[in-house]
Every structure is written in structure tokens, then in C-alpha cells.
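Enquirer: Got a structure for you, questions after.
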Amino acid sequence: MTRVVLLGASVLAAGCSLGDEQAPMQNATPWHPHTVDAGAAAVDAGGQGDAGSAVAPGLDAGGGPGPQEASSTSGPDVEVPSLGPAALVAAGHEHSCAVTRAGAAVCWGANGSGQLGNGSNADSAVPVPVSGLGAGVAAISAGADHTCALVAVDGGTSVQCWGRNDHGQLGDGTTTDRSVAVSIVGLPTGATVIAAGALHTCAVAGGSAWCWGDGSDGQLGNGAAQDASTPVAVSGLSGVRTVAAGGAHTCAVTLSGSVSCWGLGSSGQLGVGSTTGSPSPVAIASLGAPAAVVSAGNATTCALTAVGAKCWGYGQFGQLGDGATADSPVPVDVMALPTSAPAVAAGGEHTCALDPGGGVWCWGEDESGQLGDDGAADSPVPVQVLGIASGAGAIAAGTAHTCTVDGAGGVRCWGWNVSGQLGNGTTTDSATAVVVAGF
């Protein structure tokens, strides 16, 4: 079936897929949830960061044995040049991206808005190089139909974005889609974090959070409810460590471990005990312990704290992981996950996490196989992804697909594949992990 994820109150809804079911929101806009923190010690819906560093984590650059043919586990025979081992992965609405250990960016899947960044608008079911970024990519984040990256330049970092731009989410001062990367206008130098949401984008620079794009639900955090095609400062926050951009809400973690959220709150995704939205940050008082990282999904939010993983917001598919299928406006404990889980990724209507040994666990909606357990039944508690009991080092959850990077730099994805976002040369959904060609 065709899947559309709704964006909240006038934009993305708390985890809706339009089809057999409809979640409690309006406005059909495809969405994503994902953010990669290049400087945080833990992972935020994408890659595992190296503390204090804006360089993509991983070992020294590794090569491959030359052109590869996708194996039977990765679809038909499709020759793809060896890309070398991956370090990071990102998952959007119908596209995915990765950064290699050598610092190159590649993307695959839907490309109608230029979100693959290769100068075209043609979909690709296998990875294609992102044009113009070179080999200094330190982090990457996939939005609904746009993508952004942190690129190391001259001892600092530059933020580059490409793809859909109808709300100014590329940050270049226009609302023109771009199929090649453009630089953000007016963002302070030294950005350390980039986070692409559904139709907006945020970054951390100089200890402050900055956002741009769709602001109709207050998700830019500057006290207004209007779009901005260049970065605006999030009000009232300092010492920001990381930021996560979701469907129509945004959250940040400070150096002290406190979490604040802003934007659409109709499903409780701000975590402050109500379903009222806010155009400026509001602090979450009930986490129970400082947070290391936060991940914002469609209308679900999760954080990793010293006392375990917590989730809040839209929970009708079980994506809060607390054994229930109900929304919660305050953080609830995710069941059966180790307290030392190193990564969490909130997707459209599902959530995934890594355990300390690199095993992958997912919960929530499973209509397209995005839980990776070879089933189609939703689960309100974590289930283990088949075939990945250990070794995973990064995790990313898209609208209805999931991707991970293993210890050797291989990339595997599962779930919805209508546009080739699993990267295995097909457009067939898979309820188990398939190998992304080239890695």
C-alpha cells in the first residue's frame, strides 16, 4: 500500500501512516525522524559519535576489493563500486544515506526532490555518491525529503543541505529544491551537530541551537510560528550538547543532561505532561536522571539516561516500548533494554536501540517489516532484530524502515522499500535485514 506519514497540526502527525489506519493529525506530508550528533558520546538516531569530535567515528579509511555484485541477500545482480566500510547511517522518509570511514557520503532511495544529492531527480535502489562534498563528511542526517551533512573544512565544519526546500529547510535563504548540496546562510561557524526533521532542520553551533525551515508549529523554537529560510536562534537555551528534529517538534540536551522540547505537542511529544505545544523550549522535569542523547521521531521522543531508555509522545503502535499502546505526555520506561544501551532511534511509528553488545532491538509498528523480526505484528516491547545479535555500531530509523552499521562497516536495512531505500537493488519490502550494495 502507499504510505503517507502525516505532519502535525497543520503538519506532521504523531506517527501516522495513512492507509488502513489514520493517526490523530492532519496535513499529509512525508516525514522523517533522524539526527546524528557528531560530538556526543552516545548516538542519536543515526551514528555513534566520538565524544568532543566532529569527525565521523570509525577506524582509518578502509578499501574494498573492487566492484561488487549484490548477493542474493541484497537483491538481483547489480554491480556497485566498492564504497569501503561505513561509519554512520541515516534514514529518512523514503531514502537513506551513509558516511564511509573515509568521509564520503552516499545516498539511495527516493530522489524526487533531489534528496540523494547527486545532481538528478532519479530514484536509485543502490547507493550513489553525493556530489561536491569531498571526503570530509563528519555527520549526516536525513529528513523527510531533504538531507544535511557536517563537512570538515579548513579546521572547522560547514553545514551543507540538499533536496526538498519548500519551507526553507535547506537554510540557503530560498525555497528552491536543490539536487546538489548548498551551504547554510548565516549559521555561526563551528557547528558540531546537524539534525534534519520532517520539514525543518536544526544545528548546534557555539553551544546554542539554531533551526530553520517549517516553523508553523513552533518547531524552530524562537517563540514564533512561522517559517524561516535561514537559521534562527532557539530562545532560552545555552550549553546545548545535541539536538534532535522530529515531525513537527524539536528537542535538545544540554551539557548538564537536561532535556527541553518545543513545537507541536498534540500527542505529548514534548514530554511535559500536557498535549499543548510550545514555540519556545520547555524543560522536561520527569526524566529521573540526566540524559546523554535524545531522538525525535514523527511524534515520539526517546532519550537515553543513566537509569535507562525513556520514551514519550505518540504510542498507538507501541513505539514507546512500555508494553502499552497509548500516548504518554511524560517519559515512560522502555521495557527489557539494558540501562547502558548506547543508541536509540525514533522513527515514524517505530523505535529501535542498540544493546551494549551491538545487538539491535525494535518496537512499535511492523506493517512493513521495520522491526526486522521476520514478522508483521506490532510490538509494544522491544524484539530482537534477526541476524544482528551483536556487532552493530550505529542505528537509524526512518518512516518505516531501519538501517544499521556493523563493526566491519557493512550496512544492512529492513522494512519499507517502495523507492529502494533498503539499498539492495530492489523495491521489495523486507522483514529481515538485507545487505546494502557496495558496503
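Enquirer: Relative contact order of the range 32-435, please, whole-number percent, based on alpha carbon pairs below 8 angstrom and at least 6 residues apart.
Expert: After rounding, I find 16 percent.
Enquirer: Follow-up. In what order do 120, 113 fall by count of nearby beta-carbon atoms within 10 Å, going from fewest to most?
Expert: Ranked by crowding around the Cβ, least crowded first: 120, 113.
Enquirer: Please say if the range 129-195 is rounded, prolate or oblate, where rounded means a/c under 1.5 for a ≥ b ≥ c the square roots of the C-alpha gyration tensor eigenvalues, and otherwise the choice is prolate for a/b larger than b/c and oblate otherwise?
Expert: Prolate.
Enquirer: Ranking 101, 241 by Cβ neighbours within 10 Å, fewest first, what do you get?
Expert: 101, 241
Enquirer: Using mean Cβ contacts within 10 Å as the protection proxy, how do 320-329, 128-137 order, highest first?
Expert: Averaged packing, sorted descending, gives the order 320-329, 128-137.
Enquirer: Lys and Arg at +1, Asp and Glu at -1: add these up for the other residues within a Cβ distance under 13 Å of residue 436 and post the number.
Expert: 0
Enquirer: Using θ = phi - 60° and the Karplus curve 6.51 cos²θ - 1.76 cosθ + 1.60, what whole-Hz ³J(HN,Hα) does each residue of the range 322-331 get, with Gly and Pro shown as x?
Expert: 9, x, 10, 10, 9, 5, 9, x, 10, x
Enquirer: What is the extension gain from residue 286 to residue 82, computed as 0.36 nm multiplied by their sequence separation minus the C-alpha to C-alpha distance, in nm to one decimal?
Expert: 68.7 nm
Enquirer: With a 10 Å Cβ neighbour count serving as the proxy for reagent exposure, in which order, fewest first, do 79, 367 appear?
Expert: 79, 367
Enquirer: What distance in nm separates the two pseudo spin-label positions at residue 120 and residue 225, each 7 Å out from Cα along the beta-carbon direction?
Expert: Distance between label points: 4.3 nm.
Enquirer: What FRET efficiency comes out for residue 386 versus residue 339 if R0 is 25 angstrom and r is the Cβ-Cβ distance? Round to the nearest 0.05.
Expert: Approximately 0.55, to the nearest 0.05.
Enquirer: I need the peptides 291-297, 189-195 ranked by packing, meaning the mean over residues of other C-beta atoms within 10 angstrom, with the highest value on top.
Expert: In descending order of packing, they fall as 291-297, 189-195.
Enquirer: May I ask you to compute the full-extension gain from residue 374 to residue 235, defined as 0.36 nm times their residue separation minus their alpha-carbon distance, rounded to one decimal in nm?
Expert: The residue 374-residue 235 span can extend by a further 45.6 nm.
Enquirer: Continuing with this model, one more query. Can you give the net charge of the other residues whose Cβ lies under 14 Å from the Cβ of residue 271, counting K and R as +1 and D and E as -1?
Expert: With Lys, Arg at +1 and Asp, Glu at -1, the net is -2.
No value in this document is a laboratory result; all are computed from the given coordinates. Being a predicted model, the structure only gives us computed values, none of them experimental. No Cβ is skipped: glycine too gets one built from the backbone with ideal geometry, and neighbour counts run over all protein chains shown.
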